[in-house]
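Report on the structure given below.
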Amino acid sequence: MSTPISDAELIVRFEKRDESALSELYDRYVNAAYGLALRTLEDQDAAQEVVQDAFLKIWNNPRSFDPGRASFAAFFMTMVRNLSIDTLRKRKYEGDIYNEEGELLPFEDPNLSLQERAELDALGYRVRQALSQLSEAHRETVERAYFKGQSREEIAEAMGVPIGTVKSRLKYALDRLRAGLKGIADEV
């Protein structure tokens, strides 16, 4: 059995325009990336487009990934999250995606296979479990920042707390989530 090729090695192959490297990274991260985009956007088509855009950005600029700063998984998932939030913010100006209670409207995803649904459900369960270990204030802060795309200032205003408190809550919560979700990138 051969040793799996690292993400950093695949990125080096990107620079040589090796499409098989793109294919391998795609296979490794597409489900997790799609799950994150879908959770944020709640729209199958938009989530697929965000994931495709993220892979295209990496393909067009492989040097944007610096293995000295973060793992590829962390770098890529951050990119997907940021693109998802950008899409969500654009949508706020294009139409209403929230119900009367201010919650995102749900979008069904009829094209997922049973295996894909099971993988997304398992990933979602792990994330929900990790979030449930946080206090209500920490959980709300994380949800506002990462799933609603609110800025620290918007969170502070909505929750009636200073910006410093928001920053502290986010740091604490993300450290706890990181510990609770350790190894998740290896599983997806």
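The values are calculated or read from the model by the stated rules, or taken from the named source; none is laboratory data. Just so it is clear, the model here is predicted, and its values are computed rather than measured. When we count neighbours, we look across all protein chains shown, and the Cβ atoms used for this are built from the backbone with ideal geometry, even at glycine. We work out accessible area using only protein heavy atoms, side chains counted, and drop any ligands, DNA or RNA first. Shrake-Rupley method; radii C 1.70, N 1.55, O 1.52, S 1.80 Å.
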Filter the range 1-58 down to the residues that are acidic (Asp, Glu) and out of contact with any strand residue (DSSP E or B) (no Cβ under 6 Å at 6 or more places or on another chain) and list them by number. Asp7, Glu9, Glu15, Asp18, Glu19, Glu24, Asp27, Asp43, Asp45, Glu49, Asp53
Can you spot a residue in the range 2-13 that is touching a residue at least 40 places away in the same chain (Cβ under 8 Å), closer than 16 Å to Gly124 by Cβ and open to solvent by less than 30 Å² (accessible area, probe 1.4 Å)? no
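Residues are listed down the side, and each one gets a yes or a no for (1) under 22 Å from Arg89 (Cβ atoms); (2) at pLDDT 90 or above; (3) surrounded by 13 or more Cβ atoms within 10 Å (Cβ to Cβ):
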| residue | (1), (2), (3) |
| --- | --- |
| Arg144 | yes, no, yes |
| Gln150 | yes, no, yes |
| Val161 | no, yes, yes |
| Val166 | yes, yes, yes |
| Leu174 | yes, no, yes |
Any pair with Cβ under 6 angstrom, 6 or more apart, that starts in the range 56-67 at a residue that is closer than 11 Å to Leu22 by Cα and touching a residue at least 24 places away in the same chain (Cβ under 8 Å) and ends at one that is open to solvent by less than 40 Å² (accessible area, probe 1.4 Å) and part of a helix (DSSP H, G or I): Pro62/Ile11; Pro62/Phe14
Filter the range 14-48 for residues that are in contact (Cβ under 8 Å) with a residue 24 or more places away in the chain and open to solvent by 50 Å² or more (accessible area, probe 1.4 Å); the one that is nearest to Gly124 (Cα to Cα) is Arg39
Being open to solvent by 40 Å² or more (accessible area, probe 1.4 Å) and at pLDDT 90 or above narrows it down to one residue among Asp96, Asp86, Asp53; which is it? Asp53
